[in-house]
């Protein structure tokens, strides 16, 4: 049997992880609002992942990179290119993380 060593996180690291989850979810939600509405395939494939103190937001659909990167693509049903990138730029990650840390300090 192999024993895996699991890191022991401080309460601040745990709060930071939760803050990263909050940021990733907010980014995905805003990105889904900006996503081309041609099909729901891309939005349905969205995911967030937090590992240690790193967050990842993305889409598993093979259509997602094409919709994201092609600036010339017209989307008659709404949406825009660079939907994930723009969402990440618009989210106030510092405010979300500060809110999570204040909650920890207030005992909540």
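Just so it is clear, none of the values below were taken in a lab; they were calculated from the coordinates. Treat the numbers as computed from the prediction; the structure is a model and nothing was measured. As a convention, Cβ positions derive from the backbone with ideal geometry for all residues, glycine included, and neighbour counts pool all protein chains shown.
The set of residues in the stretch 81-100 being in contact with a helix residue (DSSP H, G or I) (Cβ under 6 Å, 6 or more places away or on another chain) and more than 20 Å from residue 31 (Cβ to Cβ) consists of 100 alone.
Considered as a group, the residues in the stretch 46-61 that are loosely packed, with under 13 Cβ neighbours inside 10 Å and within 18 Å of residue 95 (Cα to Cα) include one that is nearest to the chain's Cα centre (by Cα), and that residue is 54. Of the helices (runs of 4 or more DSSP H) that lie entirely inside the stretch 5-108, not one contains 2 or more residues that are on the phi > 0 side of the Ramachandran plot.
With respect to residue 32, determine if the residue is surrounded by 13 or more Cβ atoms within 10 Å (Cβ to Cβ), touching a strand residue (DSSP E or B) at 6+ places or on another chain (Cβ under 8 Å) and over 18 Å from residue 19 (Cα atoms).
Here the answer is yes, as residue 32 does meet what is asked.
Candidates 26, 43, 64: the one that is farther than 12 Å from residue 83 by Cα and buried (at least 18 other Cβ atoms within 10 Å of the Cβ) is 26. In the stretch 77-108, what count of residues is obtained for those that are closer than 24 Å to residue 38 by Cα and touching a residue at least 12 places away in the same chain (Cβ under 8 Å)? Counting residues in the stretch 77-108 that are closer than 24 Å to residue 38 by Cα and touching a residue at least 12 places away in the same chain (Cβ under 8 Å) gives 13.
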